[in-house]
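Below you'll find the structure, written out as structure tokens, and then a few comments.
The values are calculated or read from the model by the stated rules, or taken from the named source; none is laboratory data. Remember, predicted model here, so these are calculated numbers, not experimental data. Cβ atoms come from the backbone with ideal geometry, glycine included; neighbour counts cover every protein chain shown. When the accessible area is computed, the model is the full protein with side chains, heavy atoms only, and any ligands, DNA or RNA have been set aside. Shrake-Rupley method; radii C 1.70, N 1.55, O 1.52, S 1.80 Å.
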Amino acid sequence: MATGRLGVVETLGALNAALGPGGPVWFKETRARHLRARDFLAPRRALQARFGDGQVPERVVHAVADLQGPGVAPVLRCAPTPAGLTLQLQRSAVFERVLGAVAAYAAPAAPASPGLRVILHCPALRGAPCALRLSQLRAVLVADHLARVLQAHGVSVRLVPAVRDPHMPTFLQQLRVDWPTASERSATEALRSSALAELTPAHDREVLPPGVLGRVCLKELVEERGRTAGYDPNLDNCLVTEDLLSVLAELQEAVQRWPEDSSLGLAAAPDAGADSCMVVHVVSCEEEFQQQKLDLLWWKLDSRAPLRQKHLVCGPVKVAGAPGTLTAPEYYELRHAQVCKASALKHCGDLAQDPAWTEIFGVLSVATIKFEMLSTAPQSQLFLALADSGISTKGTKSGTFVMYNCARLATLFEGYRRSMEQGLYPAFPPVSSLDFSLLHDEGEWLLLFNSVLPFPDLLSQTAALARTALGLHITARTEMVCKFLVQLSMDFSSYYNRVHILEEPRPHLFGQMFARLQLLRAVRQVLHTGLAMLGIPPLSHI
């Protein structure tokens with residue numbers, strides 16, 4: 001059996017290279033009706049731009065048909081059609097390669113960037129849960145998800161601030177958000193001295209607000225950094241307070257004292273970090289102006305402040321039919337009550353007081369909230385509908401639907417285990433002995449080609465941060481995992497409703513049954529990994 005992980009990115013790269021110099025032309029098909037005839041397509045119009053008359057030279061067609069290389073999926077045929085140049089893979093061989101090494105496809109393709117250090121700063125966590133707005137909750141969930149994906153790629157991540165409000169850890173635990181806590185503030189003496197030296201003399205009879213040490217002019221620094229970088233042109237000065245200096249001190253300490261037990265095992269050199277790390281401020285749109293002030297003040301007061309500070313600004317959250325004052329805990333309680341109500345209707349009884357269901361309701365509530373908050377690109381405006389119509393397992397776009405199908409997979413494998421213990425089925429044979437040519441249902445190829453095969457590349461795209469991009473702002477594709485898991489669940493649900501997996505206990509049916517179970521093992525592993533990137537534990541039943 002051939003070894004090495006197959007990759008969509010590697011296959012597309014080889015296909016485009018086979019066409020000769022020029023931009024990318026090929027794309028991967030995803031729709032079931034197209035996958036009946038082809039797996040990749042180079043559209044006719046793009047070929048006309050490349051080859052003039054659109055006629056692909058015969059030698060190029062042969063080169064594509066004979067394509068080989070590291071990570072390149074084996075090709076069955078390549079042929080010109082009215083739609084363009086089409087390519088179909090050797091599907092049995094692809095099934096064998098992928099399902100024979102499932103673990104390689106349920107993990108990131110490669111480290112995102114060796115040696116990269118990232119500080120994720122989420123200012124929303126400096127307050128109490130009762131003051132947390134929905135737009136701030138969105139920023140918290142984006143930061144938590146991004147941290148998990150980066151760490152899965154071997155990136156060393158530090159999370160700032162350490163939570164100090166006594167009620168916040170409990171609320172974050174409800175949300176399955178992993179965030180550090182602390183009881184003491186960072187020392188501010190050095191920054192305080194720098195700030196006092198930079199204070200602008202007060203105007204005649206100017207009375208500063210209580211707790212304000214003075215005013216620092218930022219206008220020159222804005223001009224130096226360049227407004228084209230994205231700084232607000234209205235930034236002119238900053239009122240310096242002890243609280244503000246405490247925020248800067250914690251960021252300064254995070255940069256300069258990297259823990260030795262970080263994910264890459266990097267030593268915590270006293271002055272290491274400023275040039276070797278990137279600070280990403282994950283903020284709501286309402287917090288951005290104040291965060292820009294903080295960035296500039298940090299540069300003004302600390303000569304070792306990181307040169308790479310980026311802002312990941314989360315768009316506003318609009319709620320239909322609810323007051324704009326809805327807080328994050330109120331939102332959680334609303335979704336939790338709706339989950340309990342939906343379960344009571346489904347199971348014909350109130351299960352909210354049943355300890356066995358307490359954990360399930362908590363997980364379903366978190367899944368509902370995270371899929372709502374993270375399925376839209378973080379930079380875009382998010383619209384929330386508070387009605388409970390999206391809580392049902394019958395919907396296909398919600399976190400509840402994903403968890404329902406997660407439980408269906410668990411039930412399937414539990415059913416096989418019980419039947420095996422009863423002697424109805426034999427033990428699962430070695431994967432190398434399975435005949436994957438028995439997988440010929442279009443739903444089986446859809447699950448492998450759209451879910452299992454591209455999953456490592458999807459994780460890599462989610463973890464990609466434009467470290468060298470110009471300007472203040474940065475984008476992140478934190479919506480990709482949620483959208484992927486919803487589509488995977490839809491494809492699995494369609495397949496599961498149509499195809500009987502656990503066959504009658506007749507030996508001549510076992511070959512296809514085990515091939516299907518191995519495919520669904522891969523689907524389950526991918527699903528569990530995707531949920532782990534969101535901080536959502538899998539469920540065995542709902």
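Things worth noting here:
- Using alpha-carbon coordinates, inclination of helix 242-256 to the longest axis of the chain, degrees: 50
- Label-point separation, residue 334 to residue 181 (7 Å along Cα→Cβ), nm: 2.8
- Accessible surface of the chain [probe 1.4 Å, protein heavy atoms]: carbon and sulfur percent: 54
- Normalised contact order of the chain, rounded percent, pairs of Cα under 8 Å and 6 or more residues apart: 17
- The chain, helix-only ellipticity at 222 nm - DSSP H runs n ≥ 4, -39,500 (n - 2.57), divided by all residues, nearest 500: -14000 deg cm²/dmol
- Helix 288-301 and the longest principal axis of the Cα set of the chain meet at an angle near 60°.
- A Cα-only calculation for the range 65-201 places Rg and Dmax at 24.9, 77 Å.
- Accessible area in square angstrom per residue, the chain, 1.4 angstrom probe: 45
- For the chain, the longest principal axis of the C-alpha atoms and the axis of helix 8-18 are separated by about 80°.
- Residues in the range 142-152 carry Karplus couplings, in order, of 5, 4, 5, 5, 5, 4, 5, 5, 5, 5, 5 Hz; the curve used is 6.51 cos²θ - 1.76 cosθ + 1.60 with θ = phi - 60°, and Gly or Pro positions show x.
- Against the set (i) 21, 50, 22, 6, 1; (ii) 18, 43, 27, 11, 1, 0; (iii) 19, 45, 30, 6, 0, the structure's computed P(r) over Cα pairs in 20 Å bins from 0, in percent falls on (iii).
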